[in-house]
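K.L.:
Structure incoming, see below.
The values are calculated or read from the model by the stated rules, or taken from the named source; none is laboratory data. Remember, it's a predicted structure, so these values are computed and weren't measured experimentally. Cβ coordinates were reconstructed from backbone atoms using ideal geometry, including for glycine residues, and neighbour counts include every protein chain displayed.
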There are 4 protein chains.
Amino acid sequence: MGKFSFMYDYAEGAHPNILKALGESNYVQQLGYGEDKYCEEASAMIKDIINAPDADVYFASGGTQANLTVISSALRPYEAVIAARTGHIAVHETGAIEFTGHKIIEVDTVDGKLTPKLIQPVLDEHCDEHMVLPRMVYISNSTELGTIYKKEDLHLLSEYCKRNNLLLFMDGARLGAALVASTQDLKMSDIKDYVDVFYIGGTKNGAFLGEAIVILNDKLKTNFRFSMKQKGALLAKGRIFGVQFSELFRNGLFFDLAIHADAMANKLAKGIREAQYGFLAEPQTNIIFPIFPNSLISNLEQSFSFHHWVKINNDKTCIRLVTSWATKEEYVDKFVSDLQK
Amino acid sequence: MGKFSFMYDYAEGAHPNILKALGESNYVQQLGYGEDKYCEEASAMIKDIINAPDADVYFASGGTQANLTVISSALRPYEAVIAARTGHIAVHETGAIEFTGHKIIEVDTVDGKLTPKLIQPVLDEHCDEHMVLPRMVYISNSTELGTIYKKEDLHLLSEYCKRNNLLLFMDGARLGAALVASTQDLKMSDIKDYVDVFYIGGTKNGAFLGEAIVILNDKLKTNFRFSMKQKGALLAKGRIFGVQFSELFRNGLFFDLAIHADAMANKLAKGIREAQYGFLAEPQTNIIFPIFPNSLISNLEQSFSFHHWVKINNDKTCIRLVTSWATKEEYVDKFVSDLQK
Amino acid sequence: MGKFSFMYDYAEGAHPNILKALGESNYVQQLGYGEDKYCEEASAMIKDIINAPDADVYFASGGTQANLTVISSALRPYEAVIAARTGHIAVHETGAIEFTGHKIIEVDTVDGKLTPKLIQPVLDEHCDEHMVLPRMVYISNSTELGTIYKKEDLHLLSEYCKRNNLLLFMDGARLGAALVASTQDLKMSDIKDYVDVFYIGGTKNGAFLGEAIVILNDKLKTNFRFSMKQKGALLAKGRIFGVQFSELFRNGLFFDLAIHADAMANKLAKGIREAQYGFLAEPQTNIIFPIFPNSLISNLEQSFSFHHWVKINNDKTCIRLVTSWATKEEYVDKFVSDLQK
Amino acid sequence: MGKFSFMYDYAEGAHPNILKALGESNYVQQLGYGEDKYCEEASAMIKDIINAPDADVYFASGGTQANLTVISSALRPYEAVIAARTGHIAVHETGAIEFTGHKIIEVDTVDGKLTPKLIQPVLDEHCDEHMVLPRMVYISNSTELGTIYKKEDLHLLSEYCKRNNLLLFMDGARLGAALVASTQDLKMSDIKDYVDVFYIGGTKNGAFLGEAIVILNDKLKTNFRFSMKQKGALLAKGRIFGVQFSELFRNGLFFDLAIHADAMANKLAKGIREAQYGFLAEPQTNIIFPIFPNSLISNLEQSFSFHHWVKINNDKTCIRLVTSWATKEEYVDKFVSDLQK
């Protein structure tokens, strides 16, 4: 790891305030398995900021665990979830959802985003009991391609889902980055109007670990702790989630960290654009996909690590750059400057 | 939580050294999902201390997750695991193992410990393809009743399992407490001689979270990371496990913490015995089961919280007291002194 | 198979009337997957005879398939089913229910029958989300020990289940034998008053294959055909069930066949009693459990095959004798006569 | 059902010879669960005709059950199966494979057939433990589009699978129709050279029910009966499979029936072609996909029932016609003649 990493937004530990909060609360005896006062506090903060006092809030240690617990808890055995083919559950969770017994119906998209128009053919096709019953739509905001769902996107999806008896589940592993994007009009307090359940990612926005699952639809609330325990998602020292999320939402730290991450990606994107290079998808959040000549990529890899995303042609490749709450601006500057070498 | 809690060994946070180590490594960029240098270091330390250089070491966030990942990875669909009826997987994991598709064959025991004699009737009964195929024996060391498996216990079980084509899996959520018990002759380096797979509990011995799964049997090693990812057990910032376990094993902290926990329980047990009260099971580790008059229990509950375990008769109840690395001796002393009130 | 078999009630094929009906309907083109007119007809007959016009009726090819489809369709993932330890799902289905993700909580019984008193400790023990949620009670009528649930038994169980939010599911693989037992007061038309779902066994009462699942509780009806298809329980030529069950219920054949089976067992039991031998459980239906000296068993095995059930002591063994719709009286007579040799 | 049905190849019952054989063997007492002499006999015949004396043969009641039992038995939890998007397991089994925990990786094809070239991108994409591990290729012969795999197709696929550690599983629900197709060069005895496991469909070729699963790869044989029992696939009166398949293979009836089905489809196709209509896919077996003007379709539906497959444009629709062992030539002639009306 001698090079600076733009590989992902979880290359570093946790924000120092979080470490400090963990230290300060360390010897206070608490109830186990998420029934501690820190989880209570964090839950109250979250319900306040999303303006949904009746929501249920639970904490899971990672995105895959949140996804598999939510989906397997919401669906009956023969029901399926619809996802973009690029969706995290579709490709990058080693069949976690299928292991819980449910089919993922994958839909091709241009930009990682689902729309009613893209979903309709799935409903048209699935017409009887010889096929799974589509019952949930899974979206990621921001998406795996760094794009975002704005208010109108969610409004249309939400209306469509309600009309078609589909639950809408938003994976918010990178919700912070999505909410503070410069082109975004969605606010934390808007989400409750659109989705049945979502989660707020801590791991990729300054926490050591933790995703806050927020259940808005009453029907999905029943016995959710049973589902969590059964999937290994209840930590004995659940306080570690409560302390972290309380800290993230106490003074807006959650948003500050996301703003930094997006700003660093924007700066990278600006430099790349000025150096006359293009992108696979329009940069919007903390994940961007520039297309570079292979020779330039080799040069950049002297000092930086990042993922090769897809080969464009024999000479050019699309790479993925990810920034985080901890990305140092000097490395961003160096990256942009290295484009000229 | 105004009272001092003897409810469990996860009422507090992590040992300060661990917090410190997390702080010091915080900004070092690392690979994700457990491929960081801290996990490598902790893995090497563990392989060294157990004297099994060829072992594979992985880290999971809790006992249920470790259990379900190990068991579902080791067994074919129709194979079953044998456990004591008091075993954690049998009663306290909300059907986590069954959710992965496997039956737990439960065996009554006196003290939470399985023996070849107790297992044999299970093998006698399961004779053809109309019944599940018993293929693994699950034991906890120390057990859920605070008792321990010593070398001879494990030797006999291990030989029996080998003769009968059974895998032996040891849940070590409280392995520290088991190893430093005053009556124990088993050492960390002996375990490799007896079991196919086991784990070393961090959560209940000074870590924030984490169980180190150690796979000794080569046949169980294949593609284990696939199993972990599929079950949501790979954390993006897997480093949090590496840092903690490195710290626990750097200078014997793991054992020191367990020694303290057991010592506090021993002191409680000594005081209880001197006050002429008996126990459900002979105290050996950090969990003890004294039997008290109900009136005394009411008095003790003015200052302490603990679980009521089982009603003995109309006048007496067995309670459970658990000590930990963080238990303060002054409260132990006060508890003993309160017995005389 | 030179010996006459008292091993089970599925050693022969189907009653000739059924074969005839299959032949007569053979070339009539029908819709597939159970939507044919024969299934409709059989379903109507069954709803009529059980006096439950709103019931839903489906046909599965065997008991294990019926059990796993009903149970996995009715329960949420963390919910469990309570069964007698001798229950078919508990021991003789190779973990089929666990494969669908659900724990079976096994209860010791004297005679294979569950009662509220036997179930209550299960509810007492399962008190929070660290344990599975008991949600269904599974009974077999007649039981695997040949005993029967009468009206009062079912009444008490049913009231208890309703008070405790438990579904009551009756496995009727041998329902015919149970209903025509001489001590029985339960009628086919009474069942609807007590259970949420049950099935009527065809395989063990004269059909080639087939169990008629009857869903009485509206909440269990939703999308049941999806569950069946997903479990491989919908046959393309589902008509084979419709034709058979129509024949069984057209002129009371179902009951006539069961009466014969029970009568043959009664005659065996009478002869055994007169020869001064005892039983493990009081003979009531077509399965009886006499206790014989080992030497007598060896003699009987010259001419008959049957299962050894359990060793009583060094000299005596309990065997299992099963009669069927096809049991020939001459072999019953010979068996009784051989007792005297 | 007043109209003649070209909807599927399971609209009628069983071939009369099969009914006769069931009648003749009806009272012979046999062992249960497929251990009877008829299953033994059928198994021996099948091993003989496929020239694979070491194969294991089992009987399941339908295609979905065969598919889910074979796949879940062969794969470890994180392993996936690759199938054509039109494959039966992908669309028409209500998520049966996913219910057993496994992802189906769906591949677009032109004609329902997989090739190494189509599979390679799947292997390229699935590169680490964050994704499922592709481990099996599922093909149907004939396919759901009526096309066939010939020797060279299977040879190429087989070589490719071996090089890439992929198991090759052939769904032969319509294997009869595939083998007797006029363009086919594959023989029953060739199959063993190419695949690890396959099944021979009885339901769609003259039996009441039954698919004969043939396991060629030794590693897939272990404890297969446990898998069958666990999935509800072992019938108590398993003899019904043995009797049927013995009859099918005694004097070549299996092939005769398939020849009739294909011949009827060929005659339909010839008439359609002569009437100047085209097809979605080249007719090869007993399923054909003509494209007709909507007005013609309305006319045909006066006398015939069939599936509308896909809308071609506002004026034309592709329909699906299926013939069977029982299709009467007079209706074929009438259909062709009705094209001219």
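K.L.:
On the basis of being among the small types (Gly, Ala, Ser), assigned by TED's automatic domain parsing to the domain that holds D:Ile139 and within 28 Å of B:Ala74 (Cα to Cα), does D:Ala74 make the cut? It would help to see each step written out before you state the result.
P.N.:
Details: among the small types (Gly, Ala, Ser): yes; assigned by TED's automatic domain parsing to the domain that holds D:Ile139: yes; within 28 Å of B:Ala74 (Cα to Cα): yes.
It is true that D:Ala74 is among the small types (Gly, Ala, Ser), assigned by TED's automatic domain parsing to the domain that holds D:Ile139 and within 28 Å of B:Ala74 (Cα to Cα).
K.L.:
Just one of the numbered conditions (1) touching an Asp or Glu at 6+ places or on another chain (Cβ under 6 Å); (2) modelled with pLDDT under 95 is not true of B:Cys127; which one?
P.N.:
(1)
K.L.:
Give all pairs with beta carbons closer than 6 Å in which a residue from segment D:8-25 that is free of Cβ contacts under 8 Å to residues at least 40 places away in the same chain and closer than 22 Å to D:Thr327 by Cα meets a residue that is of a type outside the set (Lys, Arg) and surrounded by fewer than 24 Cβ atoms within 10 Å (Cβ to Cβ); count only pairs at least 6 apart in sequence or on separate chains.
P.N.:
That search, which allows pairs on different chains as well, returns D:Leu19/C:Gly23.
K.L.:
Exactly one of these conditions fails for C:Ala55: (1) facing chain D (nearest Cβ under 10 Å); (2) of a type in the set (A, V, I, L, M, F, W, C); (3) in contact with a Lys or Arg (Cβ under 9 Å, 6 or more places away or on another chain). Give me its number.
P.N.:
(1)
K.L.:
What number goes with the only condition from (1) surrounded by 24 or more Cβ atoms within 10 Å (Cβ to Cβ); (2) out of contact with any Leu (no Cβ under 7 Å at 6 or more places or on another chain) that C:Ile200 does not pass?
P.N.:
For C:Ile200, the failing item is (2).
K.L.:
Free of Cβ contacts under 8 Å to residues at least 60 places away in the same chain, assigned to a loop (DSSP other than H, G, I, E, B), surrounded by fewer than 24 Cβ atoms within 10 Å (Cβ to Cβ) and basic (Lys, Arg) - does that describe any residue in segment C:181-188?
P.N.:
Yes; the residues of segment C:181-188 include at least one that is free of Cβ contacts under 8 Å to residues at least 60 places away in the same chain, assigned to a loop (DSSP other than H, G, I, E, B), surrounded by fewer than 24 Cβ atoms within 10 Å (Cβ to Cβ) and basic (Lys, Arg).
K.L.:
Can I ask one more? Sort through C:Ser43, C:Ser61 and tell me the only one that's at pLDDT 95 or above, more than 30 Å from B:Thr94 (Cβ to Cβ) and either among the charged types (D, E, K, R) or surrounded by 24 or more Cβ atoms within 10 Å (Cβ to Cβ) (or both). So that I can check it myself, show each step before the final result.
P.N.:
On the way: C:Ser43 fails: either among the charged types (D, E, K, R) or surrounded by 24 or more Cβ atoms within 10 Å (Cβ to Cβ) (or both).
None of the others qualify; the one that does is C:Ser61.
K.L.:
Suppose the filter is closer than 30 Å to B:Lys47 by Cα and out of contact with any helix residue (DSSP H, G or I) (no Cβ under 7 Å at 6 or more places or on another chain); does B:Gly252 pass it?
P.N.:
In short, yes.
K.L.:
Among the residues that make up segment D:164-173, is at least one of them in a loop (DSSP other than H, G, I, E, B) and out of contact with any Phe, Trp or Tyr (no Cβ under 9 Å at 6 or more places or on another chain)? Don't jump to the end; show me each part of the working.
P.N.:
In the first step, residues of segment D:164-173 are kept if they are in a loop (DSSP other than H, G, I, E, B); the result is D:164-166, D:172-173.
Filter once more, keeping what is out of contact with any Phe, Trp or Tyr (no Cβ under 9 Å at 6 or more places or on another chain): D:164-165.
Yes, because at least one residue in segment D:164-173 is in a loop (DSSP other than H, G, I, E, B) and out of contact with any Phe, Trp or Tyr (no Cβ under 9 Å at 6 or more places or on another chain).
K.L.:
Please list, ordered by first then second residue, the pairs with beta carbon atoms under 7 Å, 6 or more apart or interchain, first in segment D:318-333 and at the interface with chain C (Cβ under 10 Å from one of its Cβ atoms), second among the hydroxyl-bearing types (Ser, Thr, Tyr).
P.N.:
Qualifying pairs under 7 Å: D:Ala326/C:Tyr27.
K.L.:
What is the residue count in segment B:130-155 for residues that are part of a loop (DSSP other than H, G, I, E, B) and within 11 Å of another protein chain (Cβ to nearest Cβ)?
P.N.:
Taking segment B:130-155 first, the residues part of a loop (DSSP other than H, G, I, E, B) are B:130-132, B:141-150.
Add one more test, that the residue is within 11 Å of another protein chain (Cβ to nearest Cβ), and what stays is B:130-132.
The total comes to 3.
K.L.:
Then there is this: Taking segment D:260-280, which residues are surrounded by 18 or more Cβ atoms within 10 Å (Cβ to Cβ) and assigned to a helix (DSSP H, G or I)?
P.N.:
Filtering segment D:260-280 for residues surrounded by 18 or more Cβ atoms within 10 Å (Cβ to Cβ) gives D:260-262, D:264-266, D:268-269, D:271-272, D:280.
Correct list: D:His260, D:Ala261, D:Asp262, D:Met264, D:Ala265, D:Asn266, D:Leu268, D:Ala269, D:Gly271, D:Ile272.
K.L.:
Scan segment A:73-111 for residues that are of a type in the set (Gly, Ala, Ser), at the interface with another protein chain (Cβ under 8 Å from one of its Cβ atoms) and crowded, with 24+ Cβ neighbours inside 10 Å and report the count.
P.N.:
The first filter runs over segment A:73-111 and keeps only residues of a type in the set (Gly, Ala, Ser), leaving A:73-74, A:80, A:83-84, A:87, A:90, A:95-96, A:101.
In the following step, the residues that additionally are at the interface with another protein chain (Cβ under 8 Å from one of its Cβ atoms) were identified as A:73, A:80, A:95-96, A:101.
Filter again for crowded, with 24+ Cβ neighbours inside 10 Å, leaving A:73, A:95-96, A:101.
Of the residues in that region, 4 qualify.
K.L.:
Oh, and also: Among the residues of segment A:211-229, count how many are within 14 Å of chain C (Cβ to nearest Cβ) and either of a type outside the set (Ser, Thr, Tyr) or surrounded by fewer than 24 Cβ atoms within 10 Å (Cβ to Cβ) (or both).
P.N.:
10
K.L.:
If you check every pair at least six apart or on different chains, which have Cβ atoms under 8 Å apart with a residue in segment D:250-265 that is at pLDDT 95 or above first and a residue that is among the aromatic types (Phe, Trp, Tyr) second?
P.N.:
Pairs that qualify, where the first residue is at pLDDT 95 or above and the partner is among the aromatic types (Phe, Trp, Tyr), are D:Leu257/D:Trp325; D:Ala258/D:Trp325; D:His260/D:Trp325; D:Ala261/D:Trp325.
K.L.:
If you don't mind, another one. Among (1) away from every other protein chain (no Cβ under 12 Å); (2) more than 18 Å from the chain's Cα centre (by Cα); (3) in a loop (DSSP other than H, G, I, E, B), which single condition is D:Cys127 missing?
P.N.:
Single failed check for D:Cys127: (1).
K.L.:
Now for a different question. Of everything in segment C:1-44, what is in contact with a strand residue (DSSP E or B) (Cβ under 9 Å, 6 or more places away or on another chain) and over 28 Å from D:Lys37 (Cα atoms)? Give them in sequence order.
P.N.:
C:Gln29, C:Gln30, C:Leu31, C:Gly34, C:Cys39, C:Ala42, C:Ser43, C:Ala44 - these are the residues of segment C:1-44 that are in contact with a strand residue (DSSP E or B) (Cβ under 9 Å, 6 or more places away or on another chain) and over 28 Å from D:Lys37 (Cα atoms).
K.L.:
Next question. Please work out which residue is surrounded by the fewest Cβ atoms within 10 Å (Cβ to Cβ), limiting yourself to segment D:112-134 and to residues that are under 22 Å from D:Ala173 (Cβ atoms) and either out of contact with any Phe, Trp or Tyr (no Cβ under 9 Å at 6 or more places or on another chain) or not assigned by TED's automatic domain parsing to the domain that holds D:Ala83 (or both).
P.N.:
In the first step, residues of segment D:112-134 are kept if they are under 22 Å from D:Ala173 (Cβ atoms); the result is D:112-115, D:118-119.
Right, trim to either out of contact with any Phe, Trp or Tyr (no Cβ under 9 Å at 6 or more places or on another chain) or not assigned by TED's automatic domain parsing to the domain that holds D:Ala83 (or both) and you get D:112, D:118.
Working: D:Gly112: 21, D:Leu118: 15.
Checking each candidate, the answer is D:Leu118.
K.L.:
When residues of segment A:281-292 are filtered for being in a loop (DSSP other than H, G, I, E, B) and either of a type in the set (Ser, Thr, Tyr) or buried (at least 20 other Cβ atoms within 10 Å of the Cβ) (or both), how many remain? Talk me through it step by step, then tell me what you get.
P.N.:
As a first pass, look at segment A:281-292 and keep what is in a loop (DSSP other than H, G, I, E, B): A:281-286, A:289.
Next, from what is left, pick out any that are either of a type in the set (Ser, Thr, Tyr) or buried (at least 20 other Cβ atoms within 10 Å of the Cβ) (or both): A:283-286, A:289.
Going through segment A:281-292 one residue at a time, the tally reaches 5.
K.L.:
Exactly one of (1) surrounded by fewer than 21 Cβ atoms within 10 Å (Cβ to Cβ); (2) out of contact with any Leu (no Cβ under 9 Å at 6 or more places or on another chain) is unmet by B:Trp309. Its number?
P.N.:
Evaluating B:Trp309 over (1) surrounded by fewer than 21 Cβ atoms within 10 Å (Cβ to Cβ); (2) out of contact with any Leu (no Cβ under 9 Å at 6 or more places or on another chain) leaves (2) as the failure.
K.L.:
Which members of segment D:63-87 meet the condition of being farther than 13 Å from D:Phe169 by Cα, touching a strand residue (DSSP E or B) at 6+ places or on another chain (Cβ under 8 Å) and among the hydroxyl-bearing types (Ser, Thr, Tyr)?
P.N.:
D:Tyr78
K.L.:
Only one of D:Phe208, D:Phe249 is more than 14 Å from chain C (Cβ to nearest Cβ) and within 30 Å of C:Met7 (Cβ to Cβ). Can you tell me which? Write out each step before concluding.
P.N.:
On the way: D:Phe208 fails: more than 14 Å from chain C (Cβ to nearest Cβ).
Among D:Phe208, D:Phe249, only D:Phe249 is more than 14 Å from chain C (Cβ to nearest Cβ) and within 30 Å of C:Met7 (Cβ to Cβ).
K.L.:
Let me ask something additional. Just checking, how many residues over segment A:1-36 are in a helix (DSSP H, G or I), more than 8 Å from every other protein chain (Cβ to nearest Cβ), over 23 Å from the mean Cα position of the chain (by Cα) and not aliphatic (A, V, I, L, M)?
P.N.:
2
K.L.:
Can you name every residue in segment B:237-256 that is under 18 Å from the mean Cα position of the chain (by Cα) and surrounded by fewer than 24 Cβ atoms within 10 Å (Cβ to Cβ)? Steps first, answer last, please.
P.N.:
Of segment B:237-256, the ones under 18 Å from the mean Cα position of the chain (by Cα) are B:241, B:244-245, B:248-249, B:253-256.
Of everything in segment B:237-256, those that are under 18 Å from the mean Cα position of the chain (by Cα) and surrounded by fewer than 24 Cβ atoms within 10 Å (Cβ to Cβ) turn out to be B:Phe249, B:Leu253, B:Phe255, B:Asp256.
K.L.:
So, in segment D:266-276, how many residues would count as being among the small types (Gly, Ala, Ser) and either in the same structural domain as D:Ser182 (by TED's automatic domain parsing) or touching a Leu at 6+ places or on another chain (Cβ under 7 Å) (or both)? If you could, list the steps in order and put the result at the bottom.
P.N.:
First pass over segment D:266-276, keeping only residues among the small types (Gly, Ala, Ser): D:269, D:271, D:275.
Adding the requirement that they be either in the same structural domain as D:Ser182 (by TED's automatic domain parsing) or touching a Leu at 6+ places or on another chain (Cβ under 7 Å) (or both) leaves D:271, D:275.
Number of matching residues: 2.
K.L.:
Take C:Leu220 and decide whether it is more than 17 Å from the chain's Cα centre (by Cα) and within 30 Å of C:Asn165 (Cα to Cα). Break it down into steps so the answer makes sense when it comes.
P.N.:
Working: more than 17 Å from the chain's Cα centre (by Cα): yes; within 30 Å of C:Asn165 (Cα to Cα): yes.
So C:Leu220 fits the description; yes.
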